[in-house]
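The values are calculated or read from the model by the stated rules, or taken from the named source; none is laboratory data. Note that the structure is a prediction, hence the values are computed from the model and not measured. FYI the Cβ positions are ideal-geometry reconstructions off the backbone, even for glycines, and counts take in every protein chain you see. Calculation scope for accessible area: heavy atoms of the full protein, side chains included, ligands and nucleic acids excluded. Shrake-Rupley method; radii C 1.70, N 1.55, O 1.52, S 1.80 Å.
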Amino acid sequence: MVLPPGMDQATFNRAAEAFRRIVGNEWVHVGDRLKGYEDPFPIIDKESSRSSIAVAPANVEQVQQILRAANEFNFPLWPVSTGRNIVFGGASPAMTGTGVLDLKRMNRIIEVNEASGYALVEPGVSYFDLYNYLQENNIQLWIDPPSPGWGSPIGNTLERGMGYSPYGDHLMMQCGMEVVLPDGDIVRTGMGGVPDSNMWQLFKYGFGPYVDGMFTQSSYGVVTKMGVWLMPKPPGYFPYMVTFEKEEDLAQIIEIIRPLRLSTLIPNAAVLCNNLLDLAITTTREEIYTGAGRIPPSVHRRVNEEHRLGMWNFFGALYGPPDIMNASWAYIRDAFSQVPGAKFYSAEDRKGDPAFEYRAQAMQGIPHLTEFSVLNWYGPGGGHIDLTLLSPVTGDHAVRQYEMQTEYAAKVGYDYLGEFIVGWRDMHHINFMIFNHTDPEDRQRVYDLYERLTIDSGKLGYASYRTHVKFQNLVRDQFGYNDFAMNRLQMSLKNALDPKGILAPGKAGLWPDRYKQFARGRIA
Ligand code: ADP
């Protein structure tokens, strides 16, 4: 049992009583009933981000009342939607003792507008819920889930997550929010500011300063409704895979991808991944190599041949009338054919290959859980923590990040399993750092590796777009331009909106005065 820092048991009990009066006894969890809120893959230990209580409101009015009670008792609360953000801490807070404000009971799909292609949802609506709703009602719209496809549109968008279809940039495809501010006030953003607006989910920007982004990766409010744009099902869909034989092909592949993506010939958030990430879907390390240290090139060649993989594998898709797809496909094939040994595959060619099939699902908005298979790479107890550096879409940068990460990992006995997700002008370089989360030594090794890679990459100008609750301070420390001007601005807003610092202390490394002893790095 933990308490919020600085709080005595009597105050905690009074606050818990207040929460119970608001939501009912069964929706306030303490003690053993908090198990479901633990970090499933703790990188330090479970104690370092344990919550003291979980409170699950049924509606917006209860969220307002809970935040007012939290102000009264100086009770820190960490909002989660479905709490499935598991690579980054799940539902667990940055500061031990914080309570979880669990929004999963608020799970209404308030509206789906097929003609205009949007949905308005509450935080507890998962990607599977929305997908099933569209299927059951024969609505010809696609969702865009992340991988794996659990979690929620609100939780993922607020973390600025990505999917794999043309609607892969989730914040770009968000339109209108309802937010409960830390003092309990309610705001509707964008056109939602106009009472009875008929444009809330149709025009993002409203009037005056545009504020939606402020509530992402933030501790400024609790989002209780959000509009999400949905892609109309296209008249045709063609997922494809291109394999590239050599590790050294990376730079050339990326140089080919950039103009194709910028001009939208590659229309979706397509992915280039290394062979081990694909292999980990269907095999374990032990099955391909039992030695320690780097897997030798001869083994790579053998398993790649067996699995029809390259050292690099590109997964893309085309959407639209067949004539247009055929023309684009010819163009894309020509472009990638510049890389000697490039091989092209359609869904037909890869039938029965789980590594292809889950990518093909993701790119057409079908949620899946297949990617969890990679956790078995080193054996039982597997968890992962993702290093998520951003990279320009250039060969030089990709190679530099790849070489550094491969080398650092190899030095401490790990393989590199990674992918580059190609956004509009950037790549999200996701390094799946798999470790045995039940083994303290393994945790420490991966913790150190993550920290070293972040710091050394930072010296080269790279930073992450998102991180685990335990690395929020580390990444915050990288954003030091002009003596941390961004931190000053974000803290000014924090103090204005949440003077008592009750909401999500430590989120994105922002620490209100009451908890500033937990800040680390150069801003501490
Ligand atoms: P998902 O529903 O996709 O599993 P989570 O619920 O784990 O996502 O949310 C990810 C993170 O986003 C949380 O840790 C929290 O910081 C933030 N967050 C999630 N939902 C909300 C919300 N409704 N309002 C404010 N912040 C939220």
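Tabulated data for the structure shown
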read-out	value
In segment 384-407, the residues that are more than 21 Å from Gly423 (Cβ to Cβ) and crowded, with 19+ Cβ neighbours inside 10 Å	His384, Ile385
Selected residue (only one of Glu441, Glu371 is of a type outside the set (Lys, Arg), touching a Ser or Thr at 6+ places or on another chain (Cβ under 6 Å), in a helix (DSSP H, G or I) and surrounded by fewer than 21 Cβ atoms within 10 Å (Cβ to Cβ))	Glu371
Inter-residue pairs, beta-carbon under 8 Å, first over 24 Å from Thr157 (Cα atoms) and free of Cβ contacts under 8 Å to residues at least 60 places away in the same chain and in segment 445-473, second open to solvent by 40 Å² or more (accessible area, probe 1.4 Å) and not in a helix (DSSP H, G or I), 6+ apart	Arg445/Val412; Arg445/Gly413; Asp448/Val412; Leu449/Val412; Gly458/Gln478
Count - residues of segment 350-363 that are surrounded by 20 or more Cβ atoms within 10 Å (Cβ to Cβ) and either under 18 Å from the mean Cα position of the chain (by Cα) or assigned to a loop (DSSP other than H, G, I, E, B) (or both)	5
Selected residue (only one of Gly124, Gly117 is surrounded by fewer than 23 Cβ atoms within 10 Å (Cβ to Cβ), out of contact with any Cys (no Cβ under 8 Å at 6 or more places or on another chain), of a type in the set (Gly, Ala, Ser) and at positive phi)	Gly117
Residue ID - farthest from the ligand (Cβ to nearest atom), chosen from residues in segment 498-507 that are closer than 12 Å to Asp183 by Cα and open to solvent by less than 50 Å² (accessible area, probe 1.4 Å)	Gly501
Flag if Arg522 is among the basic types (Lys, Arg) and more than 12 Å from Met95 (Cβ to Cβ)	yes
Qualifying residue in segment 240-262 (condition: open to solvent by less than 20 Å² (accessible area, probe 1.4 Å) and part of a loop (DSSP other than H, G, I, E, B))	no
Within segment 26-113, strands (runs of 3 or more DSSP E) holding 3 or more residues that are buried (at least 19 other Cβ atoms within 10 Å of the Cβ) and within 13 Å of the ligand (Cβ to nearest atom)	77-80, 99-102
Those residues of segment 39-59 which are more than 12 Å from Thr98 (Cβ to Cβ) and modelled with pLDDT of 95 or more, in sequence order	Ala56, Pro57, Ala58, Asn59
Every pair of residues 6+ apart whose Cβ atoms lie under 6 Å, when the first sits in segment 5-18 and is at pLDDT 95 or above and of a type in the set (Phe, Trp, Tyr) while the second is surrounded by 12 or more Cβ atoms within 10 Å (Cβ to Cβ) and not in a helix (DSSP H, G or I)	Phe12/Leu3
Hits in segment 491-511 - residues which are at negative phi and in contact (Cβ under 8 Å) with a residue 60 or more places away in the chain	Leu493, Lys494, Leu497, Asp498, Lys500, Ile502, Leu503, Pro505, Lys507, Leu510
Failed item, numbered, when Leu134 is tested on (1) over 26 Å from Pro499 (Cβ atoms); (2) open to solvent by 10 Å² or more (accessible area, probe 1.4 Å)	(2)
Members of segment 90-135 that are among the small types (Gly, Ala, Ser) and out of contact with any Ser or Thr (no Cβ under 6 Å at 6 or more places or on another chain)	Gly90, Ala91, Ala94, Ala115, Ser116, Gly117, Ala119, Gly124
Only one of Gly423, Gly381, Gly413 that is open to solvent by less than 40 Å² (accessible area, probe 1.4 Å) and at positive phi	Gly381
Which numbered condition Asp8 fails, given (1) open to solvent by 30 Å² or more (accessible area, probe 1.4 Å); (2) in contact with a strand residue (DSSP E or B) (Cβ under 7 Å, 6 or more places away or on another chain); (3) not hydrophobic (A, V, I, L, M, F, W, C)	(2)
Total residues in segment 116-138, condition within 16 Å of the ligand (Cβ to nearest atom) and in a strand (DSSP E or B)	3
Matching residues in segment 426-436 - criterion: being in contact with a Lys or Arg (Cβ under 9 Å, 6 or more places away or on another chain) and either within 17 Å of Arg466 (Cα to Cα) or open to solvent by 30 Å² or more (accessible area, probe 1.4 Å) (or both)	His428, Asn436
Residue list for segment 188-232, restricted to those being of a type in the set (Ser, Thr, Tyr) and more than 16 Å from the ligand (Cβ to nearest atom)	Ser197, Tyr205, Tyr210
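Residue-by-condition table, conditions (1) of a type in the set (S, T, N, Q); (2) open to solvent by 20 Å² or more (accessible area, probe 1.4 Å); (3) assigned to a loop (DSSP other than H, G, I, E, B); (4) in contact with a strand residue (DSSP E or B) (Cβ under 8 Å, 6 or more places away or on another chain):
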{"position": "Pro148", "(1), (2), (3), (4)": "no, yes, yes, no"}
{"position": "Gly151", "(1), (2), (3), (4)": "no, no, yes, no"}
{"position": "Arg160", "(1), (2), (3), (4)": "no, yes, yes, no"}
{"position": "Tyr167", "(1), (2), (3), (4)": "no, yes, yes, yes"}
{"position": "Gly184", "(1), (2), (3), (4)": "no, no, yes, no"}
{"position": "Val187", "(1), (2), (3), (4)": "no, yes, no, yes"}
